[in-house]
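Working notes, beginning with the structure itself.
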Amino acid sequence: MPVIYDYSCAICNNEGYCSSTNTNPYYPDTYANPTFCTCVCPAGYSGACCGTYTNPCTISGACDTNHICHFYPNLTYSCDCPAGKIGPNCENDIDYCEDNKCREHSNCTANPLTYPGYVCDCPDVVLAEYSGVYCEKLSNQLTKCTATYCQNGGICFENGLGDRDCKCLPLTYGDKCESKNPCYSVATNPCLHDGRCIPGSGTDYTCECLDIWSGTNCGAYNICNNKTNPCINGDNCEINIDDCGTQHAYWDGGSCFTPTYCNSVDKDAQCEDLVNGYVCQCSSDYTDTNCTMKLVVWEAIQAMGGEEGLSIFIHDPTVTVFGESVRYTVAPGHATSIRVTRTSYRRLDGRYGDCAKDSSEVGSYYYDGAYTTDGCLRSCYQDKVQSVCGCMDPRYPRAENITTCTLAMRSCVMNVTDVLGDPSNWPECYCPLPCVEIQYDVDYSTAGFSFAECKGISSGSAKQACLDATTDAVIVEVFFPKISQQAFVESPKMGFTTFIGYTGGLLGCLTGVSIITFIEFGYLFFRICHASAVKYGNHIKKDLEDIPAIASPKEFITFSQSMMEKLDEMIVTFQTHLSFTNLRRFFYIVTPSETTFENIEDIPDYLNISQYWYFLFIIVDILISLTTNKYKYALNDTITSMNSGMFSMLPEAVGKGFIIPLYLYLYNNYRLFDLDIHSLWLWIFAFFAQDLAYYLAHRAVHEAGVFWSFHQMHHSSEYYNLSTALRQGFIQDLGTSVVECCQSFFIPPPLFLAHHRLNTLYQFWIHNQIIPKLGPLEYFLNTPSHHRVHHGRNPYCIDRNYAGVLIIWDRIFGTFEVEREEEKPVYGLVDNVKSFNQFWLQLFEFKALGYDKGQMKDTNGKELFPGFFGKLKACFGPPGFFPGVRTKQFFWWRCMVDPTEGIPQANVLYILAAIQIVGYYLEKDARAVNFDIIRLLGICFYCVQSGNVQLCGLSAFSMVFATMFIRGPQVKGKSVKLS
């Protein structure tokens, strides 16, 4: 076992090597800094630098202390033992009789002083007398032995079977002792250091050496086989191995072969042996590492500006790769990373179109695997070649037992396409698209090798060989994130329900029936009933004279004047709401006096009174998007954002939201102080307290799974623009109210609510991509640049920049991240939902928490979240939490949601708008008429865009009829408010 000394050495002696004790990442080069070097010494050596060794011959008991001891460089020894002794220390006696050659019936007695080390006592046998060294001579009988029968001093004797044998001397062997044995001698062994001698023909022999010795007679010390290999990695040591030679056999996994690295093609190439390698000197006609490429081919490649490469086909494993298949070439000397996105297409067959489910639906198909259009066309081509030429093209698969076209038939084969053209235009080739098809989109990046491992090689030829090998190498990594799959499925153009929706034709008022038609009739019915109840109370007169008459022409003119006055009122309303005061509130530019109120009912609804600026900003943003084309709006995405904005208003409309009732309850029952609401310092304190509370609440809904379910709707858009600010979760106040209501112990409700609404209003304008970085304001304010990072799904953007108004909280608590110019944010969820269904977008994360995680099991079938507390841990863990994993892997480069996705939520938006206006009417709100006109104008716009002229007529009829019938009494053309 090597000994490690805790001492620094610049050089380790006697084959010792340096072991690093460096744990400092800023000093990676151990050998350049010997402070971190300790020497590992081979057996027998010691000392800090392996400079001291102990002679094993001086060890007590070596060679029995009485015999000659020889010391070797590997710190072993051998003993010269006297006659009759054997063993590592000459401690054992040699049993010469163990393998004696004494004849049968004779006795062997050991005598090391005689040859061959023992004496045979010959017996006296009746009618015979034996003599000789081995009792091999038979006296008093006729013998067949002659003096010359046994050679090299061999002794001839009768074998008792009527024949003769030879007893050979130790140095000879063979039937007649004709061969000399060079390996056996009492005095010497030609194989040194306990090597095993194996006789050859004549005087030749070979030595089988121990591990650390090599050479013809085992006389060379082989340091590569020492237990302390001088090469640190343990596998790059070589002594006297000629990589260019042909005497070494190698194993390639199947059979042994003798390599001819440089001469497999270029017979005139010269091979130069290196340490653990070789280099080929090619002749003038060849090039490449092993001289396998004709120089003319290499020059042609270089002349075309290209180089050798490797083609990578990303394809469905069930289909065949064709010459036209999409391929990606990876260059030598580079590492290439390929990211694959799977897209599947499912087509309708039958009365909707032609497609093939498998190869049995077409005439001929000679390819293996799933059906493809290319395989069908080639098979049809082969049938045509067979009918014209009597054979099939050998370049493509063909039917069994069909003759292959020879070179003599080449003209006939080529004429098939020359005359008939492409098979896709042949009438006899029926090759539809497959009903199910899979394609792969690829993003890839590549980087060249640094050649770092070659820079440390000093030898010129070895270094060049390393550079050549690295230049020709490629590393390919293919990532297949299954989570980023897309699927496109054809559906019938008009199903039964769609047919019913469009039934009507020219049936009067029922023309253009659709869901909006039913809403219009229902809405009209409500308006009629509501106006009748208001105008006539709870009594319905049976007399026809009491029924309001249809308006006369004079009344219609009066109605038109009233409509103009309404238009004037709307203009005045727009001017009032588009004031500078409302504009500066967007940026939290307010004074304490104008935002301090005694009662909570007196606080203006800053969000509603600023909505005119809201939509004006969005219109300007859309126009800039269309003119600059730097970013874009998607109609389906924008409508989804508006839908979710109206959904988020429902809790407030039903029960005044969640925050206000909870805050009032806590303040009225548990407040700690009664502070002066008119204090300037309290106003400033409330500003910072609300902003800090928003930061903490916002961070909580991002980092706890169940609260993230409330908030993820806001991040689900992949189009970052002003409409994104409207996209809110309809119960996200549940996730923030707990934290924000902590202010109720100190701050009066009117002051809290004012800052709460202004803080929310401020965050609208930062949802845009127009405004660049704002210089010094970036240090303390939450700006569009900071918030773009917050909405990004790049790894560096995740869980960053939670601020409401002041970015200082992110800087203090370590969640701040600046927007990177070289890597712009990619917006949306990490695990984005490819849908515009409003209800699914609002609720899908609850399903993932409540059901999907509860059903997950590991590879052994064990639940990942067992029991009640396991499920609870899954709910409150971070988004994407799994045991042993902090968050999901970020496949943030995935494709966006299909922008051609349908807009079924347009109807939902209309329903919500109608419900909102109905609420205004029920509350006798003066805004009802204004919003009603906007609603009807929106319907007209929808009709014109969709081309539904009948529905346009129905909407106009609804507006005129309803307004004339329930307009109520007129006073100088001015409408009376509903009472």
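With respect to (1) on the phi > 0 side of the Ramachandran plot; (2) modelled with pLDDT of 85 or more, the lone exception for K656 is condition (2).
Condition check: part of a helix (DSSP H, G or I) and surrounded by 20 or more Cβ atoms within 10 Å (Cβ to Cβ). Does H767 satisfy that? No; evaluated as a whole, the condition is false for this residue.
If you filter region 327-349 down to residues that are of a type outside the set (G, A, S) and not in a strand (DSSP E or B), you find that the one that is nearest to T289 (Cα to Cα) is P332. Scanning region 717-742 for residues that are closer than 20 Å to D674 by Cα and either of a type in the set (K, R) or touching a residue at least 60 places away in the same chain (Cβ under 8 Å) (or both) returns E740, C741. Applying a threshold of 6 Å to beta carbon distances and a minimum spacing of six or more residues, or different chains, the list of pairs starting in region 815-842 at a residue that is closer than 11 Å to R793 by Cα and in the same structural domain as H791 (by TED's automatic domain parsing) and ending at one that is crowded, with 16+ Cβ neighbours inside 10 Å and among the aromatic types (F, W, Y) reads V826/W892; Y827/Y720; V830/F890. Could you please let me know if L753 is surrounded by fewer than 22 Cβ atoms within 10 Å (Cβ to Cβ), out of contact with any Phe, Trp or Tyr (no Cβ under 7 Å at 6 or more places or on another chain) and free of Cβ contacts under 8 Å to residues at least 60 places away in the same chain? So L753 does not fit the description; no.
If you go through region 719-731 one residue at a time, do you hit one that is farther than 29 Å from T638 by Cβ, at pLDDT 85 or above, in contact with a helix residue (DSSP H, G or I) (Cβ under 8 Å, 6 or more places away or on another chain) and crowded, with 22+ Cβ neighbours inside 10 Å? Within region 719-731, not a single residue is farther than 29 Å from T638 by Cβ, at pLDDT 85 or above, in contact with a helix residue (DSSP H, G or I) (Cβ under 8 Å, 6 or more places away or on another chain) and crowded, with 22+ Cβ neighbours inside 10 Å. Scan region 781-803 for residues that are at pLDDT 90 or above and in a loop (DSSP other than H, G, I, E, B) and the total you get is 5.
For region 366-382, the criterion of a residue being among the polar types (S, T, N, Q), part of a helix (DSSP H, G or I) and at pLDDT 90 or above is satisfied by at least one position. Scan region 707-740 residue by residue and report those that are more than 28 Å from the chain's Cα centre (by Cα), outside any helix (DSSP H, G or I) and closer than 23 Å to S610 by Cβ. Hits for region 707-740 are N721, R727, Q728, G729, F730, Q732. A count restricted to region 581-609 and to residues that are surrounded by 13 or more Cβ atoms within 10 Å (Cβ to Cβ), part of a loop (DSSP other than H, G, I, E, B) and not hydrophobic (A, V, I, L, M, F, W, C) stands at 4. In region 181-205, the qualifying residues are those that are of a type in the set (S, T, Y) and exposed (fewer than 15 other Cβ atoms within 10 Å of the Cβ), and the one that is modelled with the lowest pLDDT is S185.
Among the criteria (1) within 28 Å of N582 (Cβ to Cβ); (2) hydroxyl-bearing (S, T, Y); (3) surrounded by fewer than 17 Cβ atoms within 10 Å (Cβ to Cβ), the one Y796 does not fulfil is (1).
Taken together, the residues in region 277-286 that are assigned to a strand (DSSP E or B) and within 9 Å of D266 (Cβ to Cβ) amount to 2.
The values are calculated or read from the model by the stated rules, or taken from the named source; none is laboratory data. What you see is a predicted model, and the numbers here were worked out from it, not measured in a lab. Here Cβ is always computed from backbone atoms with ideal geometry, including for glycine, and neighbour counts include all displayed protein chains.
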